[in-house]
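Student: Here it is, the structure in full.
The values are calculated or read from the model by the stated rules, or taken from the named source; none is laboratory data. Note that the structure is predicted; figures quoted are calculated from it, not measured. Cβ sites come from the backbone with ideal geometry, for glycine too, and all protein chains shown count toward neighbours. For accessibility, only protein heavy atoms count, side chains too; no ligands or nucleic acids. Shrake-Rupley method; radii C 1.70, N 1.55, O 1.52, S 1.80 Å.
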Amino acid sequence: MTATTDLSFSSPDLRAHIARLSAEDLDRLDFGVIGFDVETTVRQYNRTESEAAGLTPARVLGQPLFTNVAPCLNNFMVAQRFEDALDEGAPLDDTIDYVLTLRMRPVKVKLRLLAEPGSAMRFVLVQRRP
């Protein structure tokens, strides 16, 4: 499974696949991708997420995810799970129902939280359609 057309929000081992995709391939996915480093600085931000959230990559890339980009994710349901996984040296692959509230009317989404010990990138995936 290497083609972006083979990847879906629920694909197994999705973190490893997304980590290998180019920016152009990330833009072809039909769900939002926010990739960030251990300091929570956003390093990847795909077109799907940019268009849905109304935030340009120029405004998001290089910014801290949980304070500047999406403070609505800075809570025990999202940010804390990444911190706990990092502290425990454990992988993270959780899918949760969530309501996004920043800069938009409340929008029900599914979030998939992905992290792997020793990996430079962690991901929040956003699925807006059922």
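Student: Any residue at all in segment 69-91 that's of a type in the set (D, E, K, R), touching a helix residue (DSSP H, G or I) at 6+ places or on another chain (Cβ under 9 Å) and within 23 Å of Ala16 (Cβ to Cβ)? Can you show your working first?
Tutor: Taking segment 69-91 and keeping what is of a type in the set (D, E, K, R), we get 81, 83-84, 87-88.
Add one more test, that the residue is touching a helix residue (DSSP H, G or I) at 6+ places or on another chain (Cβ under 9 Å), and what stays is none.
Checking segment 69-91: not a single residue is of a type in the set (D, E, K, R), touching a helix residue (DSSP H, G or I) at 6+ places or on another chain (Cβ under 9 Å) and within 23 Å of Ala16 (Cβ to Cβ).
Student: Now for a different question. Considering only residues of segment 90-124 that are in contact with a Pro (Cβ under 8 Å, 6 or more places away or on another chain) and farther than 21 Å from Arg43 by Cβ, which is least open to solvent (accessible area, probe 1.4 Å)?
Tutor: Narrowing segment 90-124 to residues in contact with a Pro (Cβ under 8 Å, 6 or more places away or on another chain): 90-91, 99-100, 102, 115-117.
With the extra rule that they be farther than 21 Å from Arg43 by Cβ, the set shrinks to 90, 99.
Details: Ala90: 29, Val99: 68 Å².
Looking at residues that are in contact with a Pro (Cβ under 8 Å, 6 or more places away or on another chain) and farther than 21 Å from Arg43 by Cβ, I get Ala90.
Student: Cβ-Cβ below 6 Å, separation at least six or inter-chain, first residue in segment 88-117 and at positive phi, second open to solvent by 30 Å² or more (accessible area, probe 1.4 Å) and small (Gly, Ala, Ser): which pairs?
Tutor: none
Student: Another question, then. Looking at segment 37-71, which of its residues are more than 19 Å from Leu100 (Cα to Cα) and small (Gly, Ala, Ser)?
Tutor: Across segment 37-71, the qualifying residues are Ala58, Gly62.
Student: Shifting gears a bit: For segment 1-75, give me every one of the helices (runs of 4 or more DSSP H) that falls completely inside it and has 2 or more residues that are of a type outside the set (Ser, Thr, Tyr), within 13 Å of the chain's Cα centre (by Cα) and over 22 Å from Glu116 (Cβ atoms). Break it down into steps so the answer makes sense when it comes.
Tutor: On the way: elements: 14-19, 23-28, 47-53, 57-60.
Fully inside segment 1-75 and qualifying: 47-53.
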